[in-house]
Amino acid sequence: MIARSASGIARYLDGFDVQRSVVGALIMRELHTRYGRENIGYAWLIVEPMLLATSVAALHGNARAHGGEDLLPIPFALGGYCMFMVFRTVIGRAESTLEANKPLLFHRMVTIFDMLVARTLLEAASTLLALVLLLGLSWVLGYGGAPASPLLMLAGFSYMVWFSFALSMPVCAASYFSKAVGKFVHPLTYIAMPISGTFFLLAWIPEPYRGLLYWFPLNQIFEMFHTGQFTSVRSPYFDVMYITFWCLGLTFLGLVSLRIVRKHVHLS
């Protein structure tokens, strides 16, 4: 019994190592095909999200500060927009993932799941690095301060990555069956921005709208992130278990949808 259990663990670890190598190779392929070696090359991985986030933060630079002294508009806008960028880019790129990488499925070890994981990790890493650099720069220039709870901030960011990845799986599957899905994905992600907590706290919203927005999981993820970012924010409007159940439910739905769509993918 012990020998059989050890053998099973060894097979699991070997499979995990293979999948790690596959995802790493897909990330390098994505880097090369998306950014190439021309101009500044791979530096676009960080420069692109930094430019977008800086532009948005500049628009909010003269906004009135809310709440405590540390709740300044520029770091609030930087954090909110970088978080939303993860959601927008992961979901937005999901609808083209299968068509762009379908020839890779000739390799038995490559799966649609691996393709989505690679793209998600790439987007998350580039945006997180841009966020850290921009918040650090705002701190040095006197436009912001140190985060109140970096671990809580990282937890909020991680939940955003998980939620976005889980939602990207059914989006990828649905897009393969119908091209019309892609026409709706991008507008819907932009519509989600003004109601997702990107640029506001739920405490600023009057009832009954606050109660309605509270049930939107993106809002709770943003509340968690901003609670970790600012000392003066102690939001009661997020529930870790609620967010986790949403992520688990979407992950299950996504895995089922990928299993279904794989049976309909014909390689030629």
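The values are calculated or read from the model by the stated rules, or taken from the named source; none is laboratory data. Because the structure is a prediction, the values reported are computed rather than measured. Every residue, glycine among them, receives a Cβ derived from its backbone with ideal geometry; neighbour counts consider all protein chains shown. Please note that ligands, DNA and RNA were not included when accessible areas were found on the heavy atoms of the full protein model with its side chains. Shrake-Rupley method; radii C 1.70, N 1.55, O 1.52, S 1.80 Å.
Structure data summary
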| item | result |
| --- | --- |
| Gaussian network model of the chain, springs between alpha carbon atoms under 10 Å - residue of Glu223, Glu95, Glu30 with greatest fluctuation | Glu30 |
| Listed residue (Ser55, Met28, Leu135) projecting farthest to the positive dipole end of the chain, Cβ model | Met28 |
| Computed FRET value (nearest 0.05) for Leu212 with Ser21, which takes r as the C-beta separation and R₀ as 51 Å | 0.65 |
| Pair Glu99, Ser158: separation of 7 Å Cα→Cβ label points (nm) | 3.6 nm |
| Accessible surface, the chain, averaged per residue in Å² (probe 1.4 Å) | 54 Å² |
| Full-stretch length increase - Leu253, His32 - with 0.36 nm per residue and alpha-carbon distance subtracted | 76.5 nm |
| Max mean-square fluctuation residue, GNM over the chain, Cα-Cα springs under 10 Å, options Ile91, Ile27, Ile195 | Ile195 |
| Within a Gaussian network of the chain (alpha carbon springs, distance under 10 Å), most fluctuating of Arg210, Arg88, Arg108 | Arg108 |
| Magnitude of the charge dipole, the chain, Cβ model with Lys/Arg +1 and Asp/Glu -1, debye to 20 | 880 debye |
| Under the Karplus curve 6.51 cos²θ - 1.76 cosθ + 1.60, θ = phi - 60°, whole-Hz ³J(HN,Hα) for segment 81-92, x wherever Gly or Pro sits | 6, 5, 4, 5, 4, 4, 4, 5, 6, 5, 5, x |
| With Cα atoms, 0 to 90° folded angle of helix 217-229 axis to the chain main axis | 60 degrees |
| Segment 16-264 - Rg over Rh from alpha carbon coordinates, Kirkwood radius | 0.98 |
| Extension gain from Ala58 to Ser232, taking 0.36 nm per residue of separation minus the Cα-Cα distance | 60.4 nm |
| Extension gain, Ile260 back to Arg108 (0.36 nm per residue minus Cα-Cα distance, nm) | 53.0 nm |
| Between helix 2-35 and the chain: long-axis angle, C-alpha atoms, 0 to 90°, nearest 10 | 70 degrees |
